[in-house]
1. Identify all residues within the range 1-48 that are part of a loop (DSSP other than H, G, I, E, B) and among the basic types (K, R); write none if there are none.
2. State yes or no: is L85 buried (at least 18 other Cβ atoms within 10 Å of the Cβ) and either touching a strand residue (DSSP E or B) at 6+ places or on another chain (Cβ under 7 Å) or closer than 20 Å to A161 by Cβ (or both)?
3. Search the range 1-12 for residues that are surrounded by 12 or more Cβ atoms within 10 Å (Cβ to Cβ) and pair each with any residue that is part of a strand (DSSP E or B) and small (G, A, S) when their beta-carbon atoms are under 7 Å apart and the residues are at least 6 apart or on different chains.
4. Of these, G130, G102, which one is touching a residue at least 24 places away in the same chain (Cβ under 8 Å) and within 14 Å of the chain's Cα centre (by Cα)?
5. Among the residues of the range 191-216, how many are in a helix (DSSP H, G or I), exposed (fewer than 14 other Cβ atoms within 10 Å of the Cβ) and either in contact (Cβ under 8 Å) with a residue 12 or more places away in the chain or of a type outside the set (V, I, T) (or both)?
6. Within the range 110-123, can you find the residues that are within 19 Å of S141 (Cβ to Cβ) and crowded, with 24+ Cβ neighbours inside 10 Å?
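All of the numbers you see were taken from the coordinates with simple rules; none came from a lab. All of these numbers come straight from a predicted model, not from anything done at the bench. Here the Cβ is made from the backbone with ideal geometry for all residues, glycine too, and neighbour counts use every protein chain on show.
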Amino acid sequence: MNILVEKDNGIARVTLNRPPLNVLDIATMRELNAALCDAGADKTNRVIILAAQGKFFSAGVDIADHTRERVGEMISVFHGLIRALWSLEQPTIAATQGSALGGGMELAFACDFIVASDKAKFAQPEIQVGVFPPIAALMLSRLLPRKKAFELLLTGDAIDAHAAEHLGLVNVVAAPDDFENALRAFAARLTKLSGAVLRMTKRAALLPLRDENENALREIEELYLNELMQTADAQEGLAAFMEKRAPVWSDR
């Protein structure tokens with residue numbers, strides 16, 4: 001199974017199980033979406049943890065699903081997964097025991113909290129292969145000062161967990177051998193509270209952003225599918241990545 005689910009003491013732990021990289025292909029994203037929705041429907045779950053097995057939290061969406069023939073379905077399924085995360089009433093925690101790259105970073109940042117290993121790194125390297133990350137383009141410009149958001153989006157460079165914590169993107173950083181203890185301790189700060197009040201407080205906090213996020217994301221999706229994916233450089237960057245060579249940009 002690509003996704004594992006455990007429930008205990010008010011916590012649903014939904015785990016990516018495609019080690020070592022936990023690449024998100026379309027089938028895995030559909031399975032993850034269903035698991036998260038099932039966890040959210042069970043109101044005995046006060047907190048939902050999104051975790052992963054292996055070296056990486058996730059290296060992102062499968063590059064094979066970015067081809068012109070499949071990219072429409074990929075965007076629909078991946079953004080459906082992000083929308084499912086946003087719609088969960090329970091607080092969500094991304095447990096990034098390893099690096100979160102590309103769509104993996106977007107998946108982690110769509111959660112309400114992040115507990116990270118100090119070995120984790122975060123990056124949106126899409127621009128280096130001729131595309132851009134729609135969810136990160138939406139979220140980072142709101143979560144960070146614009147210049148720092150642009151640095152991450154327009155260079156594709158990685159930052160470590162401590163830098164992410166300093167920027168306010170990560171809540172807790174822990175050593176690998178203390179990671180599970182730190183994760184449990186953070187979750188316990190939530191599970192000791194009323195599940196009903198947690199859900200309503202989260203709902204109230206997100207209400208001002210709900211329509212704004214949806215409208216902006218639809219425009220970004222149109223830009224990605226109808227303009228970006230029609231460029232020669234998007235096709236060249238993706239092809240170069242799959243062929244393990246340096247891209248040759250034409251600026252068109």
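1. Let us first name the residues in the range 1-48 that are part of a loop (DSSP other than H, G, I, E, B), namely 1-2, 9-10, 17-23, 25, 42-46.
Passing the criteria: R18, K43, R46.
2. Details: buried (at least 18 other Cβ atoms within 10 Å of the Cβ): yes; either touching a strand residue (DSSP E or B) at 6+ places or on another chain (Cβ under 7 Å) or closer than 20 Å to A161 by Cβ (or both): yes.
Yes.
3. V5/A12
4. Values: G130 fails: within 14 Å of the chain's Cα centre (by Cα).
Sole residue among the options that is touching a residue at least 24 places away in the same chain (Cβ under 8 Å) and within 14 Å of the chain's Cα centre (by Cα): G102.
5. To start, the set of residues in the range 191-216 that are in a helix (DSSP H, G or I) comprises 191, 195-216.
Of the ones still in play, those that are also exposed (fewer than 14 other Cβ atoms within 10 Å of the Cβ) are 196-197, 200-201, 203-205, 207-212, 214-215.
When the remaining residues are screened for being either in contact (Cβ under 8 Å) with a residue 12 or more places away in the chain or of a type outside the set (V, I, T) (or both), the result is 196, 200, 203-205, 207-212, 214-215.
Looking only at that region, the number is 13.
6. Those that are within 19 Å of S141 (Cβ to Cβ) and crowded, with 24+ Cβ neighbours inside 10 Å: I114, F122.
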